[in-house]
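Working notes, structure below.
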Amino acid sequence: MKNSFWKGKTVTAYIALKHHTRFIIPIMEKLADLGAKTNYLVGQAERSQEITAIETGLDYNHIFDYIGPSDREQVFNNYKMLRQTFGKALLEDSLFSLQVPTVMDKTLFALAQEYTGFHNYFKQVKPDICLALHELNRWGKIFSFHSKEKGIPIITLQEGLLTSASAQLDYVHTGHVQYSTLCLVWGQGSKEKLCHFESPEDRLIPVGNTHLSCEINTLQENNTREKKRKDYKTSDKFVMVVFFSVMLPQAIEEFIELVNLPGQNDSVELFFKFHPGTVRPQIDAWMERFPKAAIQKIHSIHGEEDTYSLMAMSDLCVLVEASTVGLEALAIGCALVLLNLNADVVYKDTSLVDKGAALGLTVSELCEAVQSKTSFETRIDQSGVQSYLDHELINTKNSIDRVCDLMNEVVRASQESSPEPLVSNRTPGKDWSIVIPVSSNPELFLVTLEHIALASEDENFEVILISPSSVPDGIKIILDSLGGDICILKNKTDLPMAIMMNKAAQEANGEVILFLDEYIAPTPGWLTALRNGKEDFGKETVFGAKVSNRFENIIHAGMVVNSNAQPVSAYLHLDKKFPQSCKTRAFQMVDFFIGMDRQLFLNTGGFHPKAGRYKYLDLSLRTEDILSRKDAVVYLHDIHLMQLTQPASRQSQDDAVFFYGKWHGRLWENEDRLYANDGISNLQLSAARMTRAQNMANRI
Amino acid sequence: MNKKTQKPCIVWVLQDNQLSPIIIEYLKLLKKGVSKIDIVFMIPHQDEKAFKMAKDLNPVPFKVSQHTEPRSMENFLEKRDQIKDAQFDEGLKVWRVLLADDLGEGVISRIKLHFDPVPNVRGLILQIPTPLGSSTAEEFIFYAWVKLAREKKLFVAGYELLPLNTRWTLIPSMVDGVITTNEFSKNNLEDPGTGIKGKIWQLPRNEAKVFSPGTGPLWQNGLESPYLNRLQHNITPETISLYIPHNVALGHEYRRLLEEIKSLGPNIHLMFTVGKDQIRGTHSHEEIIKTTSKKTLDHFRSCSFHDLNAVWEMVGANAVLACAHGFSTKIAETNGIPCCVIDEYVAPLKSGYLEMVNDYDSVRRFVKSEIKKQSRITDITQILHEIVQNKHPKVEV
């Protein structure tokens, strides 16, 4: 199975608890099969992460293995910072008094050690790519942070509880995708949920559930259903498995009818599957509250049987409250009932029923349906099940291959060298070459051209239009009517836009080349501003511009990186005259438009064909590297560009995989720093945005 | 009684796990001995065992209530904002690392104390909980008192029971003063690297042994004697007491020993042991010592004579100085009292608390070291006075 790509590559996974390993190990094993060297790392915790690795038979390292006597001072310095922070917090308020201070103290010291340990690990081992279940706990967060710091891609998966009780804590997920290069989630549903809590949409990629996909294959290969039904002597029975969550319902009256069911009906075999988080004495005490004779007929399962085997052997799965188990049962092909209880449950989510994926029944209704031999499969709307699965779980069987493919692409991007310089034999005969794509909207295309003509009067310029292989009639008429210094480059073989733009640069006659995105139109004075910028900052500079939309709201005033490592425009959605946006200065990146010396553009190798919608950002970062200057990219606030309409979103995950794979080690939060330097607080910004929104509403 | 005429008060909080017979006996002695300060012992009302044990201290009950607020975004943000500036060197924010998991996301728990007002309180004394040996309930109560002291701007001192020379220093950093029981803890907390800002005291050994698990009967039996000895002989805080297990068989050696250390005498009180079976001729054992070393004894600050069989009186000594290894030095060694034996006919050794030497320079070095150690020691009475006199500021956070 080995292939040349993974040979010699190292992959490191951080694992904590058993449920971490079941998602990660199948990927790691597959990568090892493909030739990669795999490492497992565990952290320090009282609920031992080492035990997970030992019981799973993994060759692992403890993060403390990477701390030596020379790190003592560093560890103590970090600890002191943490101790002072929390000592002060504890004395000033009770916000952190949920735990006793000594428990917190142990956590703080271990954290100080782990921070240094992970740091040292990356100094010593330098993996090609990393993997963790998520970056919500302290180990996952530090692991991801240091990995990013060293420019090593880190892939996280979905925190498995997004569909269970903890989903009520949505706000906790605000940092779910922060230092991760990409976060691979089960389905669109998870992606949407995380996006609601600030996760960057372009770094969330649905791939399915790696663990489940493995289980489904195993259940089928091993013929588990028949084998287990035989083992439990239930081959000719109706097998019902009831899944409980961690907290057992305290009002048991509702369950008495269910508990009595096997006694009343010999053809029914009832399994109670208790959550691993519920401790055995609680289960025993709970069961003892029912009549002894009745509970003797129930199979009470805690850790004695594998959950998926139970699902496979069942005719009906019943959830006491909504949880991930529901999704898994559906994926395995089980009929599903979600109990409609009077008793309080921790996670009251009826979406499984609302979306037609499960039947919502009271215990009485369930018992009645079982007694009357209802066909649950018939009663459940199978299209509802399918649509639920499609939304929540993109892929039930091949997700491991998909993950490995994505990891391959990410590693390639992270290790890709810069493109070779472009060659052109043109000698500049013009001051400016303006390159724009031909849009599909004739009216707006014409407006764009008119704006270029009007805004560039008295200037020595040419326009290069990049036209798709076929255009609507309206566009064709416009193109045929054009005269003057206009060159049309036809994309006959549907090459990526970046390649066409590079060709345009090679064909251009201008000393300076200007690239405008679709529907971006200049306003008068733009070239004067650019000329001044060139004089002020030199030829070896990439220039960006202020871009506003038709409501005169800023959509670009230089690119900053937000707290989730996502490039966004500074002062986004504020009035285009917002004072702090009217400041010419260097930024790490610019978007929508780039103006630069044509020869410099050619020397950089031009736009990267894989960068797609990130082409300007990629070019900005690359130019900064080539010129080795932090001020190589400058936002000129007095170039005003208008976005005539928002282009239809052409989302491709490939360009996100490339861009973040290549640059994630360089994308560090700086948005708040810019605002702080500008003397504007988040509160003031929020107020300004509110005012702006109110103005918009009044205008409409 | 108005506030001006009332004695200043120290509140000493005790809990179920924090009491032993020796602590009770000691606190009774302390309460009696500190006449200018009112010590009020307070015990959680549910700690029946503690109330029973401490009944002679007339403890005052207090109640504790704890309220846990349900998870909420507001709580989460409030917690985040409180620590939002803390970060590691490379910029990783601490709240991002800890808040979603270790620190309980949006759950907040608040603890409150309820008790009748205690007048004229100048400070609080509490036992310091340690990461490897305290109960959750006990710790919440500790925290509630420390928090209350912060709100009321009261000085709070914690005393060591389990060792404080560990890696964990959060709790010692939260109190205004730490009363340690040994030099290792004091050194650890005073190390500038730890950044502990409060006052660090070290108790004399006899008091340290009170606040120590596994203290033997010697210390309980000798609980009172150090104070009596100090009172009777007006021993000043900077003076050390050396226990000298004199034996008439070694009359010359002991005379020589005193000669050799007399230059350090102004800082030394000598505690000679005397035995009835060491009467020789018409001279009692005490007379023999006084006669043979008359001029030498004048160089020392003071001296006292103790029945050889009242071995518990040794607990008031800083160290034992002897001319042969015997009963007293064995007791001292076993009970953690440093002892130095000068015996020119035995090979030198250093083992635990015992040091055997065969030259007087080593003896002087030993004694000087004890004098130096004494300068770092403060007894509880003195600590209580320093607290009520506001000698030490509250720690700034």
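The values are calculated or read from the model by the stated rules, or taken from the named source; none is laboratory data. Just so we're clear, the structure is a prediction, and the values are computed from it rather than from any experiment. All Cβ positions, glycine included, derive from the backbone under ideal geometry; neighbour counts span all protein chains shown. The area values use the complete protein model at the heavy-atom level, side chains included, leaving out ligands, DNA and RNA. Shrake-Rupley method; radii C 1.70, N 1.55, O 1.52, S 1.80 Å.
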By residue number, the members of region A:86-98 that are more than 16 Å from B:LEU148 (Cα to Cα) and either open to solvent by less than 30 Å² (accessible area, probe 1.4 Å) or more than 7 Å from chain B (Cβ to nearest Cβ) (or both) are A:PHE86
Checked B:ASN221, B:ASN188, B:ASN182 against criteria (of a type in the set (S, T, N, Q), more than 11 Å from every other protein chain (Cβ to nearest Cβ) and closer than 19 Å to B:GLU370 by Cα); the one match is B:ASN182
Q. Taking the stated definitions as given, is B:ALA50 over 23 Å from A:TYR179 (Cβ atoms) and either in a loop (DSSP other than H, G, I, E, B) or open to solvent by less than 80 Å² (accessible area, probe 1.4 Å) (or both)?
A. yes
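A quick yes/no check of all residues on (1) closer than 24 Å to A:GLU328 by Cβ; (2) modelled with pLDDT of 90 or more; (3) open to solvent by less than 50 Å² (accessible area, probe 1.4 Å); (4) not in a helix (DSSP H, G or I):
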residue: A:ASN3; (1), (2), (3), (4): no, no, no, yes
residue: A:ALA13; (1), (2), (3), (4): yes, yes, yes, yes
residue: A:HIS20; (1), (2), (3), (4): yes, no, yes, no
residue: A:PRO26; (1), (2), (3), (4): yes, yes, yes, no
residue: A:GLY35; (1), (2), (3), (4): no, yes, yes, yes
residue: A:THR52; (1), (2), (3), (4): yes, no, yes, no
residue: A:GLU55; (1), (2), (3), (4): yes, no, no, no
If you go through B:GLY222, B:GLY198, the only one that is at pLDDT 95 or above and open to solvent by less than 20 Å² (accessible area, probe 1.4 Å) is B:GLY198
Examine region B:240-247 for a residue that is of a type in the set (Ser, Thr, Tyr), closer than 20 Å to B:MET314 by Cβ and modelled with pLDDT of 95 or more, and state whether such a residue exists.
yes
Considering only strands (runs of 3 or more DSSP E) wholly within region A:550-618, the ones with at least 2 residues that are out of contact with any helix residue (DSSP H, G or I) (no Cβ under 8 Å at 6 or more places or on another chain) are A:554-556
Would it be correct to say that B:ASN390 is on the phi > 0 side of the Ramachandran plot, touching a residue at least 24 places away in the same chain (Cβ under 8 Å) and open to solvent by 10 Å² or more (accessible area, probe 1.4 Å)?
yes
Within the bounds of region B:148-168, is there any residue that is outside any strand (DSSP E or B), at the interface with chain A (Cβ under 7 Å from one of its Cβ atoms) and buried (at least 21 other Cβ atoms within 10 Å of the Cβ)? no
| query | B:ASP89: more than 7 Å from chain A (Cβ to nearest Cβ), under 25 Å from A:TYR179 (Cβ atoms) and part of a loop (DSSP other than H, G, I, E, B), yes or no? | reply | yes
Of the residues in region A:517-541, those that are in contact with a strand residue (DSSP E or B) (Cβ under 9 Å, 6 or more places away or on another chain), part of a helix (DSSP H, G or I) and either open to solvent by 60 Å² or more (accessible area, probe 1.4 Å) or among the β-branched types (Val, Ile, Thr) (or both) come to A:THR528, A:ARG531, A:ASN532, A:ASP536, A:PHE537
A:LYS141 fails exactly one of (1) assigned to a loop (DSSP other than H, G, I, E, B); (2) at pLDDT 95 or above; (3) charged (D, E, K, R), namely (1)
For region A:493-516 the number of residues that are within 33 Å of the chain's Cα centre (by Cα) and not in a loop (DSSP other than H, G, I, E, B) is 9
On the basis of being polar (S, T, N, Q) and either free of Cβ contacts under 8 Å to residues at least 24 places away in the same chain or part of a helix (DSSP H, G or I) (or both), does B:THR291 make the cut? yes
Of those in region A:103-142 that are within 10 Å of chain B (Cβ to nearest Cβ) and touching a Ser or Thr at 6+ places or on another chain (Cβ under 6 Å), the residue surrounded by the fewest Cβ atoms within 10 Å (Cβ to Cβ) is A:HIS134
Condition set touching a residue at least 60 places away in the same chain (Cβ under 8 Å), under 19 Å from the mean Cα position of the chain (by Cα) and buried (at least 19 other Cβ atoms within 10 Å of the Cβ), scope region A:618-663, selection farthest from A:ARG412 (Cα to Cα): answer is A:ALA656
Scanning region B:62-85 for residues that are surrounded by fewer than 19 Cβ atoms within 10 Å (Cβ to Cβ), touching a strand residue (DSSP E or B) at 6+ places or on another chain (Cβ under 8 Å) and within 7 Å of another protein chain (Cβ to nearest Cβ) gives B:GLU78
Condition set within 32 Å of the chain's Cα centre (by Cα) and facing chain B (nearest Cβ under 7 Å), scope region A:68-85, selection surrounded by the fewest Cβ atoms within 10 Å (Cβ to Cβ): answer is A:MET81
Condition set at pLDDT below 95 and open to solvent by 40 Å² or more (accessible area, probe 1.4 Å), scope region B:117-132, selection farthest from the other protein chains (Cβ to nearest Cβ): answer is B:PRO119
Scanning region A:1-41 for residues that are of a type in the set (Val, Ile, Thr) and free of Cβ contacts under 8 Å to residues at least 60 places away in the same chain gives A:THR21, A:ILE25, A:THR38
message = Can you confirm whether B:PRO172 is within 13 Å of another protein chain (Cβ to nearest Cβ), touching a residue at least 12 places away in the same chain (Cβ under 8 Å), in contact with a Phe, Trp or Tyr (Cβ under 7 Å, 6 or more places away or on another chain) and closer than 30 Å to A:GLY117 by Cα?
response = no
Scanning region B:234-283 for residues that are touching a residue at least 40 places away in the same chain (Cβ under 8 Å) and among the acidic types (Asp, Glu), the one most open to solvent (accessible area, probe 1.4 Å) turns out to be B:GLU238
B:LYS112 vs (1) basic (Lys, Arg); (2) surrounded by 20 or more Cβ atoms within 10 Å (Cβ to Cβ); (3) more than 7 Å from chain A (Cβ to nearest Cβ): all pass except (2)
